[in-house]
Amino acid sequence: MSLARLGRASRSVTLATMTALAAAVVVTLSGCAQAPRTIAVEQLPQDHLFGTAGTSAAAAAEAEAEANALFTMSAPMRRHAEQLFEVPSAWRDRRQALIDALYLKDSLQIGYDAGATRTAAQAFEARAGNCLSLVLMTAAFAKHLGLPVAYQQVLVDDEYSRSGDLYFVSGHVNVMLGRHGPLMRNDESQWLTIDFLPQLDLRGQRVVPLEERTLVAMFLNNRSAEALARGELERAYWYARAALGRDSAFVAAANTLAVVYERAGHRPAAEQALRYVIERDARSTSAWANLARLLRQAGRYDEARIAAARLAALEPQTPFQFLERGRAALAKGRPAEARDLLLRELRLQPQQHEVHFWLAQAYAALGDAKATARHLGMAADNSPTREARELYAGKLERLRAVRAQ
């Protein structure tokens, strides 16, 4: 996955969003995207709320240093690039030679792993990364080889995941490599698109060009979200702040900043960040969900109902709603009801590994071994991390062993 937006703790967190105080709450809540913007990005940082001067400077420096090193080629990467041209055919098309050298089975076997967002050098060392990390690594090699690079956001349905009471919404990015040498303007044949989700069919998918500064902001925002999931609020703050500094138009970072503020007990700052998001993206379900929750916590119930109504209009079915109801039905010994609820969730999130896993439990309780194995296999195939894939694969192997007896 690429970018993350936090949204909903207990129904409130999305990797990157939360906003602020507006002059007229009702106008802000019901206003459209063209309404006047009353909050500037400069109003969002509240450095004095996080750490001492010394620790804050260190955390800020860490975020900036990592952002500046995203595309840095490590010594092992440079050696691998040099080996690339030991093959004579590599000179004919450097793009295909690079893809072969990085991703074919007889090469490094670099794989997909959404466990953490990595810099180019970190992804190369780990031989794995999420789609953003793999884009960074591929771009680093391409730049080193003198290839033009461009980035795209693929407008697919959001994917949801969760860690404790934090919900994460992930988008998707990919990278395009141009031919070595001068490019003809608007000649699409000179660009080769590389995507890192094999199950994604790009035909007919809409894409949006991304500036490199936005890609850097996405990386910093993911880092912030990952720190937030670990409870490291000070680090999460500085990474989200750095993301906004790189690209103030990337409002997902303001949403993450809002979640950080809310978790740290700074509700006015959280609200301001959320309203910053909504002023720029009135259709942000993450921001509306977070704002409704924040207003309920503050006892501002009328405003919370308005925010909740806006959220319901944008998102009639909340993520994981049927999954949780299905798990509850399974716990009460009603596997058929659980199966039906989980199938409804699967229609909303067809690649969500948790849903497939609990469907496997429901089918197991119903005595359908074939369906149990099928959904365990799909849980493994759609797992975001190597650890989860190994866990589900182990369960599947044990099931097959039992069936073989």
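Listed values, structure above:
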item: Label-point separation, Asp93 to Ala365 (7 Å along Cα→Cβ), nm; result: 5.2 nm
item: Highest-first arrangement of 58-69, 165-176, where packing means the average Cβ count within 10 Å; result: 165-176, 58-69
item: Residue-by-residue Karplus 3J(HN,Hα) for the range 164-173, coefficients 6.51, -1.76, 1.60, Hz, glycine and proline x; result: x, 9, 9, 9, 10, 10, 10, x, 9, 10
item: Amide H within-cut-off set for Gly111, under 5 Å, with H built and near neighbours excluded; result: Ala128, Gly129
item: Residues Lys332, Lys395, Lys143 arranged by fewest to most Cβ contacts within 10 Å; result: Lys332, Lys143, Lys395
item: Sorted by Cβ neighbour density within 10 Å, fewest at the top, the residues Arg327, Arg400, Arg275, Arg230; result: Arg230, Arg400, Arg327, Arg275
item: Student exercise, the range 342-405 dipole from Lys, Arg, Asp, Glu Cβ charges, in Debye to nearest 20; result: 200 debye
item: Karplus (6.51, -1.76, 1.60) ³J(HN,Hα), θ = phi - 60°, over the range 314-331, in Hz, Gly and Pro reported as x; result: 7, 9, x, 10, 6, x, 6, 4, 6, 4, 5, 5, x, 4, 5, 5, 5, 5
item: Evaluated over the range 321-404, the Cα radius of gyration and Dmax, each in Å; result: 12.1, 36
item: Karplus-derived 3J(HN,Hα), 6.51/-1.76/1.60, for each residue of the range 346-358, Hz, glycine and proline x; result: 5, 5, 7, 9, x, 10, 7, 5, 4, 5, 4, 5, 6
item: Extended-chain gain in nm, criterion 0.36 nm per residue less alpha-carbon gap, Ala313 and Arg374; result: 18.5 nm
item: Dipole in debye (nearest 20) - the range 214-351, about Cα centre, beta carbon charges: Lys, Arg +1; Asp, Glu -1; result: 280 debye
item: Sequence-distant residues sharing a close amide H with Arg334 (under 5 Å, placed H); result: none
item: Per-selection Kirkwood Rh - the range 92-175 (Cα, Å, 1 d.p.); result: 14.0 Å
item: Amide H contacts of Arg162 (H built 1.01 Å from N, under 5 Å, at least 5 apart or other chain); result: Phe168
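Read-outs: derived from the displayed coordinates by stated rules, not from any lab. On a predicted model such as this, the values are computed, not experimentally measured, just so you know. Please note: Cβ atoms are built from the backbone with ideal geometry, for glycine as well, and neighbour counts cover all protein chains shown.
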